[in-house]
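Worksheet for the structure shown next.
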Amino acid sequence: MPKRPAQHQIEDRSRAKLGLSFPREWLLRDKDKDYGVDAEVEIFEPSGEATGLIFLVQLKATESVDSSVIRDIDFNLDRINYYSSMELPVLICRYSCEEDLFYYKWASSVDTCNCKPGARTVRVKFSSDDVLCAGSMDAIREHVKKIRDVRRGRMGLPIKLNLAVMDEYIGGEPRGLFIAKLSADLKRYRDCVELEDDHFNSYFSVVLFSGVLTVDFCGLTALSLDFDESGMDYKSLAGDIVFGVAVCLARMNMGAEAARVFLKKDIESKVFERVELIINLIPGLISSGMIEEVTDLLLKAGDGTGGNLVEAILHMSLMCRTTTGGGEDVNAFSKTLKYCLNKYTNEENKEQMGVAHYNLANHLSGRGLLKEAFHHYVKAKNNCPFYLEAFYFYKEVAAVLFRIKKYRFASHFYKKAMGFASGELRDEIKPFLADSLMFSGQYHSAVKIFDDYLDGTESLDPEWLLKSMCLKALIDNTRIQEQIRAPQKAQYFVSEDLAGESNIEEAIKADCLCALAWFNLGVNKSMGNEHKFAAFCFCMCGLIQSADVEAWVNAFLCSLNKEVEAGIVGLIFTVADYYNGEEFLFEVYSQVGNRFEGRALASMHGLLEMLKNSSRRSKTDKRVYRIHGFDGGTLEFRLDNEGSGY
C-alpha cells in the first residue's frame, strides 16, 4: 500500500494550525505552488466587513528538536529577493512541531546586504520576539496597511517616524537628554517628518545603536549610517535621519517626496557628503516634477566627487526624458551640458572641454539647431584630437551637414567615417553615403553604393531599396549620371508661367532632384493614363521631399495598377507610412473613400489594413550619445523614440 510521506503530514498539520492562529474572521486560502507561496490571507473586520488588506504566507515546518534548526532557515537568495519585490507582502512562518508554535518574519525585513559575493542562500533567523501570538495580529494588520499605502503612493509629507535610542550614553550625554535634544531639533524638518511614539502608526523606524543609525521604511528598504560615537552631535544626526528618510523614499519610487526632502537647505550638505548613496536614485529624482532644482543639486554634488559618474548618469537620465518629456526636460538637459562646458573651460581641461562640446553638439543636433551643433563639433575636435580618428564623429558631422543641405561635404565626411569604421559599422554608413551622393548630383556613384549595401545586407530597408530603384529609373529616363544641380534654374522652369511639359523636362535637366518638376510631371502622366510612370514621378517627389503627403498619396494610388508590381505597391506604402504616419494614412483612406464604393471599397480597406499591419516600422530616434572621460573610457548610450535606452 502507498505511504503518505511524513513531510506532507507535517505540512498539512502546520497549515491547519496556521489557520487557527489567525483571527477567525480572517480568510486563509491555499495558493498554487507555482506562485511560490503556500497561502494567501485576507484580513476582515470582526464585524465581517472586508478591509481589502491581503498578504501572502510562505510556510516552513519542521519536526526537529534542535533549537538552531527550528530558528534558522536557509532560503534561496533569489527567492527572498522575489518575495521582497512582490506587490503583496510575504510573511515567512516557521512551524515547530516540537514547540507547537509559529515564528514569523516579513520577507522584506530579511537582511540580504551582508551576503557574500556569489552567495546563493541567505539565512533567516528567528528569536523569541518573533513568536506568532494573539498580540501579533495588530502588528501584522498595520504592516500590511502600510505596505498598501506605500505601493499605492498614498503617503505624503510630513511622514511619521518612530525613534529608538538603544545606548545609555550618546556623545557623552545620557540617553534621555540626547533624545530630548534630538527630538527638538527634528522639528526643524516638521514639513518633512513627524515623530510618532507608537511604532504601529509610523512608516519609518529609526534606531540608533552602537554608533549605527538605521532608518527602516516599513521593512521594504533601509539605510544604515556609521558614526563615531564620541563625536556624535544631535544637530547633525537630525539631518542624517531626514536624509535617510529621503533615500528610502527615493528607493521606493517616491521621487517627488524624496526630492522635496533633498532640496531642504540643511539636507543639501548631506547629499554632498554622501553622494554615492544617491547615484542610483538619479533617474527617479529627475522625474519628480522639480527637474531643474534637482538637476542643480546633482550637478553641485557631482562637482565634489572629483569624477564624472554623477554627471554621466544625469546625462543619460535626462536624455531619456528629452524624447518623451516637455520643455522643462530639454531645458534641464541643455543647462546640464552648458554647466559642464563652463566648468571644464574654467578648469582649462581641454580634453573634457572637447567632450562637453561634443555632447552639447549631439543635443543641439537632436533639437534641430544644426548650425550651432556644427560649431560645437568643430570645437570638440579642436580640443580633443581623438575625435579625428573616431568613425562616429565623422558620421554625426555628416548627418548635420546633410540636413543643412551641404551634400558634397556630407558625402566627404561619410567617406571619412567609413575609413575609420569596420565590419557592420562600416556597412551601416553606406546607404547614408549613397543618399548624400544622390543629393549632391552624383547619381551613378550613389547607385553603386546603394547596390553594394543592398547586396550585402540580409534585411532590406524599404527606404533605401525604393531610393535605389527610383534612382536607377531616373538615370534610365534622363540619361544623366552626374550633374551640378541648379535648383534655382529648375524652379524658374516650373513656375506658373512656364508650366508646360517641355519646361518640366528642362527643369529636370537643370536639377534632377527638383521635387515640383517631378510632381507636375506625375500629374501630366496620370492624366494621360500613364500610371506606372506617374507613380515613379510622384515617388521621386516624395523621396526628395519626404513630408509631401500629397505626393506619397498620389504615388500609392497610381501604383494600384496592373502595370505596377505588387511589391512596389507595398514598398511605396511602407516608406510613405514611415515618413508621415497617421497623416498619410488619413489622406489615403479619404481618397479611397472618394474613389471607390461597395465591394470595391471593402476590398480596398482590406488591402490598406493588410499593408498597414505588415509595414509598420517604428520611426526610432537614431541618436547615439557617447560620454567620454569617465574612467578613461567611452560610455555609449543608444536612445530610441520611446525614451528607453540601452
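The values are calculated or read from the model by the stated rules, or taken from the named source; none is laboratory data. Just so it is clear, the model here is predicted, and its values are computed rather than measured. Note: ideal-geometry Cβ built from the backbone for every residue, glycine included; neighbour counts use all protein chains shown. Protein only, heavy atoms only, side chains kept; ligands, DNA and RNA dropped before computing areas. Shrake-Rupley method; radii C 1.70, N 1.55, O 1.52, S 1.80 Å.
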Say the cut-off is 32 Å between C-alpha atoms; which of LYS264/LYS338; LYS335/LYS415; LYS416/LYS612 go over it? LYS335/LYS415; LYS416/LYS612
With +1 on each Lys and Arg Cβ and -1 on each Asp and Glu Cβ, how big is the dipole of the stretch 412-533 about its Cα centre, in debye rounded to the nearest 20? 300 debye
Over its Cα atoms, what ratio of radius of gyration to 2.2 N^0.38 Å does the stretch 345-411 give? 1.08
Environment charge of ALA164, counting only residues whose C-beta is closer than 13 Å and scoring Lys/Arg +1, Asp/Glu -1: -4
Antiparallel bridges, percent of DSSP beta bridges restricted to the chain (to nearest 5): 75 percent
Under the definition of Cα pairs under 8 Å and six or more residues apart, what whole-number percent is the relative contact order of the stretch 1-138? 21 percent
Please calculate how many Å² of accessible area the stretch 182-246 carries per residue, with a 1.4 Å probe and no DNA, RNA or ligand atoms counted. 42 Å²
Computed accessible area, HIS605, all protein chains, 1.4 angstrom probe, square angstrom: 70 Å²
Compute the accessible area per residue over the stretch 355-403, keeping the other protein chains in place, probe 1.4 Å, unit Å². 39 Å²
Which stretch or stretches of the stretch 242-277 have amide N atoms under 16 Å from the point lying 7 Å from ASP303's Cα along the Cα→Cβ direction? 268-273, 275
Mean separation of Cα contacts under 8 Å, 6 or more apart, over the residue count of the stretch 64-222: relative contact order %: 21 percent
In nm, to one decimal, how far is the LEU388 label point from the LEU101 one, both placed 7 Å along Cα→Cβ? 8.0 nm
Taking N as the number of residues in the chain, what value does Rg over Cα atoms divided by 2.2 N^0.38 Å take? 1.34
Could you work out what % of the accessible surface of the chain is carbon and sulfur, using a 1.4 angstrom probe and leaving DNA, RNA and ligands out of the count? 49 percent
Percent of beta bridges antiparallel (DSSP, the stretch 150-269, rounded to nearest 5): 65 percent
Just to be sure I understand the rule: take each whole DSSP H helix in the chain, project its Cα atoms onto its long axis, keep it if the span is 27 Å or more and its mean Kyte-Doolittle hydropathy is at least -1.0. Which ones pass? 327-346
Taking the Cα centre of the stretch 160-240 as origin, sum charge times position over the Cβ atoms of Lys and Arg (+1) and Asp and Glu (-1), and report the length of that vector in debye to the nearest 20. 280 debye
Relative contact order, percent, the chain [alpha-carbon distance under 8 Å, six or more residues apart]: 6 percent
